[in-house]
Structures are given as C-alpha cells and as structure tokens.
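Below: one structure, written as structure tokens.
The values are calculated or read from the model by the stated rules, or taken from the named source; none is laboratory data. Here the structure is a predicted model, which is why all the values come from computation and not from measurement. Methodologically, a virtual Cβ is constructed for each residue, glycine included, from the backbone with ideal geometry; neighbour enumeration extends over all protein chains shown. Each accessible area value is taken on the protein alone, full model and side chains, heavy atoms only, with ligands, DNA and RNA left out. Shrake-Rupley method; radii C 1.70, N 1.55, O 1.52, S 1.80 Å.
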Amino acid sequence: MKKLSSIIALLMAAASVLMAVIVTATGTNTSATFWALVPPIIAIALALITKEVYSSLFLGIVVGGILACNGSATSAVDHVVSDGLISAVSDTAGIFLFLVILGIIVALINKAGGSAAFGRWAQTHIKSRIGAQLATFVLGICIFIDDYFNCLTVGSVMLPVTDNHKVSRAKLSYLIDATAAPICMIAPISSWAAAVASYTEGTGLDGIELFVKAIPYNFYSLLTFVFIIALIFSKKDFGPMARHEKNAIENGDLFSTTERVDGMEVSCNSKGRVPDLLIPIVALIGISIFALIYNGGFFGDDPSYAGKFTQAFSNTDATVGLPWGAVITLILIIAYLMCRRLVTFKEAMECVPQGFIAMVPAITILTLATSLKNISNDLLGSATYVEQLMKGAAPGLARLLPAVIFLVACLLAFATGTSWGTFGILIPIVCNMFDPANPIFYIGISACLAGAVCGDHCSPISDTTIMSSAGARCVHVNHISTQLPYAITVAAISFLCFLVAGFVQNAFICLLLGILLIVAFFALIKLINRPIEGRMN
C-alpha cells in the first residue's frame, strides 16, 4: 500500500509539473482563474497521499512559479525563490522570532524543573484521560489573546499531562487546534478581533461592535466547543483518530506511525515548583497584552488610540507585538530562574539553541506554506478569482446567502491556508451585500468568519494548524488526517445552522439545533459501534 502511494505521488508530481509547463507554453491566462487554485490543491492532495508535507508544499510552490512565469524558465525560478521563499521569510520574520523565543522559554522552564513539577501536580489532581483532555480544553479557552500563543503555550504545558494519561499526540493537537482559532474568533480582546476590525475600515461601521454582534451566529466556533465536550465525555472517537487513541491506550504508542517528533529532553532541576511554570506563562500573557496595545498606540499621542484599549488593540500588529513582548519576557524569566538558583547563566544560554532546534520543523513548514500562499494569492490572484465567483453568485440567493458565504469562506481558507486573508477578502464584499440595519447582515459576517476558521482548520498549509502540530509535537500529516473528519462534521452541522439562520434569524434557535444535531450524531456513533464492540467481545 505504501509503495502504491509512492508511485501515485510520483506520477501526480510529474503530471502536475508537465501540466503547468503545457499551460504556460500555450499562453493560457492563469491570473485570477481556476489555475490560481491549482498549486495549493496539488500541495494538499500530495500531502494527504504521501504523508510528507515538505516536498508536497515545495512542489506546489514550483507549479505556482511555472504557472506565473509566462514561459520564462528564469522567471519561474525567480518566482519560487524571490516571490515565494524569500518573501515568506520576510513576511513571517516576526512570527519566526516569536516561535524561537517561545521554544527557548519552554526549554528554560523544562530545565528549571517547572514542567516536571506541574506533571507531578497533575498526577495528583488530574487522575483520568477525561480530566487531562478537559484541562487541555479549559486552558485553551483561557488563552484567547492570540492563536499562535495559544497553540504553543497549551502544547508545552499540557504535553506531559496528556502523555502521562496516554492521550495520543494527534488528539492533543486536535484539542489545541480546535480551541486556538475558535476562541480567538469569539473573544473581543484578541488579535483576531483586531484583524476583523481593521478589515471594516471604510465601511462606516465600528469594527469591534460588528465583531461582538456577530459572535452569537459564529456557529462553527461555538459548536466546535460543544463537539469537543461531547467527544471527551462520550469517548467515541471515529475516523483515523480512533486508531491513534486505541494505540495510545492499549500499547502506549502516542504516534501510531513510524515517524516521530522528538521533544526537548533535558535534565531538569528537582527543586523546580509549579509556580516556576505558572509565573513565566502569566508574565508572557501579561507582557504580550501590554506589547500589543503599546504597538497599537495606547501610550502614544494619536487621540484615536491613546488611552483607548479596544481601539489600540484593533490597531496593533501581532507580528510585531508578540515578539516584542516575548523578548522582554525571556529576559525576565532568565533573571527569575537565576535568582531562584534553578539554572545558571551558562545553562540558560544552552537553552537558546535547544529552543531554536525544537522549532525548526514548524518554521520550515511555515516558510513553505507562506511561500505557497504568496504565489497563489499575489502572483496568480486566487483571492481575486474567488471574489469574482462570490459576486457573481450573490444575486437572487437572498436568505440562502449566509450558507453560501460559509461554504465560499471554507473553500478559500482551505485552498490558501489563511483565515485572516479569507475574511479580509470577504468582509468588504459582505458589507456591500447587506444593509447593516438588517439582522442578516451580522449572520453574513459570522458566516464569513466561521467559514474562514473552518477552512483554516482543514488546511494542511494553515499556519495555525502547523503551530498546533508543533505545540503537541505531533507529526503534521497525522494531525491533518485525524482532524479532518471532526472539522468536517462540525462544518456540516454549521452549514445547516446557517441555512436555518437565513430564514429564522435567531441565534439561540440555530445554536440549539446545532447542539441537538451534535448529540444525535454521537448517539448514532454509539449505535454503530455497539454491534462492532459486541463482535469483538
């Protein structure tokens, strides 16, 4: 089976390159057409077939470079290197820095014994797999300031706890991913709320007010939380996740594949205590919030932002604010741990390369994924193509439009791997479609935001998905294959809720419908599994 997959992948790769060369040679217009979506589609398909993400992403980049080169070989190489890889490093330099510093902080806390101390505390207070999963879920809900921060922090804190209770790495990465973006998408004080507010500029609407009013209709985010709780208590995993969980419980195998993600195994100080884990995390959260509002002009002279928390937050740049806060926090953590005599200065500096090495896989995937997005969006115009489709489909749909918007947002975010880019494209369109005085306006905005999160969850090239894999130290393709059935289930139920919302326009009724559908779904799973379990016994 593995050999057959390799043969299929090689044939698909060769066919993809040949197709791109033929399309370019014939002078076919690839800008803002379906061809703009071909590179990410190829990358995603190959990643799912081969279970190897690096080469899949790179082939997608190469195909995109060829489609954009207008028949020039040197231009194709320039697109791949300059417009793709180099531009990606430039665009995400701030996030790279944040990742590296967070990796160093994790290494420091491990070296000081804070993580081991928390593990000992968790063994006493968290006594079941359900408790370990619920604790992961609750911590994910509590860290709502930013999805990157959420993914890596929750992963580093909960990893020893879930490992101890034989929760598979795939399940941990799902719990992280399923709380990170959704909680940011319904938290008014988050980098996501700030991004949404920035995309409403020029519409005459208050961005944060629009964000808050759209929260009750954000069915995908809200129902994902309901789904997680039902999944944890029912113990009814399905799809590829069931195999990972069974191997973890019965065999102690947390990966279920031959490929492994190594952790930062270092000797730790036995004198470490739980506060040595909690104090650095609380400091990182507090200083990051301060850095974000500082970057947004809270302490500046501009009256539009000075002294105004919400406005400053909407004006901030997380790629600057988060590294800014992380650098200060790192210095303070080193000083704190040295004062506690848990690490020496030399040991603290040894954690620097350890933290960097731990984040190399995530940085590599993020670079390739961002390169693919840049070529697909900026050079080939995939966003423009989807925008044209959206505008062409709008007339005459009326009450069905929220469901249509949700589907379009899902597909765009899946193909491009970006939530922010998706609602950045669709929010202005939705604002022009509806009268803000009409309740369906906020349902349309919510459909856009919910679809963006859903597509982002399903996409192998999404930065949040990559961060979740990194935080859980899970093989990235394993995370994608196990998460897809869960995300698609919630997406299908959310789609039905948006269909009903277009007619009912009552968030409570639609959410109640969604909850009942989730309960019914797990009841059905239980009925299906009962005969199978009976035969096994």
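For the stretch 315-328, the set of residues classified as open to solvent by 30 Å² or more (accessible area, probe 1.4 Å) and either in contact with a Ser or Thr (Cβ under 8 Å, 6 or more places away or on another chain) or acidic (Asp, Glu) (or both) consists of Asn315, Asp317, Thr319, listed by residue number. Among the residues of the stretch 443-460, is any outside any helix (DSSP H, G or I) and buried (at least 24 other Cβ atoms within 10 Å of the Cβ)? Yes, some residue in the stretch 443-460 is outside any helix (DSSP H, G or I) and buried (at least 24 other Cβ atoms within 10 Å of the Cβ).
Taking the criterion of being buried (at least 21 other Cβ atoms within 10 Å of the Cβ), touching an Asp or Glu at 6+ places or on another chain (Cβ under 9 Å) and more than 18 Å from Thr153 (Cβ to Cβ), would at least one residue in the stretch 329-342 satisfy it? Yes, the stretch 329-342 contains a residue that is buried (at least 21 other Cβ atoms within 10 Å of the Cβ), touching an Asp or Glu at 6+ places or on another chain (Cβ under 9 Å) and more than 18 Å from Thr153 (Cβ to Cβ).
The C-beta contact set for the stretch 262-275 (first residue over 13 Å from Ile104 (Cα atoms) and charged (D, E, K, R), second residue at pLDDT 80 or above and in a loop (DSSP other than H, G, I, E, B), distance under 7 angstrom, 6+ apart or interchain) comprises Lys271/Gly113; Lys271/Leu342. Once the stretch 465-490 is narrowed to residues that are within 16 Å of Ala413 (Cα to Cα) and surrounded by fewer than 24 Cβ atoms within 10 Å (Cβ to Cβ), the residue that is nearest to the chain's Cα centre (by Cα) is Leu484.
Residue-wise test of (1) open to solvent by 50 Å² or more (accessible area, probe 1.4 Å); (2) touching a Cys at 6+ places or on another chain (Cβ under 9 Å); (3) part of a helix (DSSP H, G or I); (4) among the β-branched types (Val, Ile, Thr).
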{"residue": "Gly65", "(1), (2), (3), (4)": "no, no, yes, no"}
{"residue": "Ser75", "(1), (2), (3), (4)": "no, yes, yes, no"}
{"residue": "Ser90", "(1), (2), (3), (4)": "yes, no, yes, no"}
{"residue": "Phe118", "(1), (2), (3), (4)": "no, no, yes, no"}
{"residue": "Gln123", "(1), (2), (3), (4)": "yes, no, yes, no"}
{"residue": "Val138", "(1), (2), (3), (4)": "yes, no, yes, yes"}
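Screening Met349 against (1) open to solvent by 60 Å² or more (accessible area, probe 1.4 Å); (2) closer than 22 Å to Arg273 by Cβ leaves a single unmet condition, (2). For the stretch 243-289, filtered to residues that are of a type in the set (Val, Ile, Thr), over 30 Å from Asn529 (Cα atoms) and part of a loop (DSSP other than H, G, I, E, B), the residue that is modelled with the lowest pLDDT is Val266.
Ala409 meets the conditions (1) without any contact (Cβ under 8 Å) to a residue 60 or more places away in the chain; (2) closer than 21 Å to Ile49 by Cα in every case but one. The failed one is (2).
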